[in-house]
1. Pick from the stretch 48-64 the residues that are among the hydrophobic types (A, V, I, L, M, F, W, C) and more than 14 Å from ILE12 (Cα to Cα): which of them is modelled with the lowest pLDDT?
2. Report whether or not GLY63 is under 18 Å from MET27 (Cβ atoms) and touching a Gly at 6+ places or on another chain (Cβ under 8 Å).
Amino acid sequence: MEIIGTIIIGFIAGLLARFLHPGDDKMGFILTTVLGIAGAFAATYGGQALGLYTPGQSAGFIGAVVGAVVLLVVVGILRRMSR
């Protein structure tokens with residue numbers, strides 16, 4: 001059940017990260033969602049492994065949004081470099 005919750009949080013975090021990320025990366029809805037979910041997984045399990053927070057804390061959602069924004073920035077840079 002925890003993985004499904006992380007996916008749902010990642011979906012919401014991806015949408016919020018896309019809203020917060022400046023610029024036009026021309027990423028579609030699917031890529032934004034996937035990056036949000038990946039950011040949520042990285043932030044959720046990375047933050048818990050480092051002992052920054054425990055499951056269920058609101059810091060996990062904030063970490064998921066930050067992780068999604070970081071991934072959006074990295075993918076945007078990589079896409080610009082490949083052109």
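The values are calculated or read from the model by the stated rules, or taken from the named source; none is laboratory data. In this text the structure is predicted, and so the values were computed from the model without any measurement. Cβ coordinates were reconstructed from backbone atoms using ideal geometry, including for glycine residues, and neighbour counts include every protein chain displayed.
1. Once the filter is applied, the top-ranked residue is ALA59.
2. On the way: under 18 Å from MET27 (Cβ atoms): no; touching a Gly at 6+ places or on another chain (Cβ under 8 Å): yes.
Answer is no for this residue.
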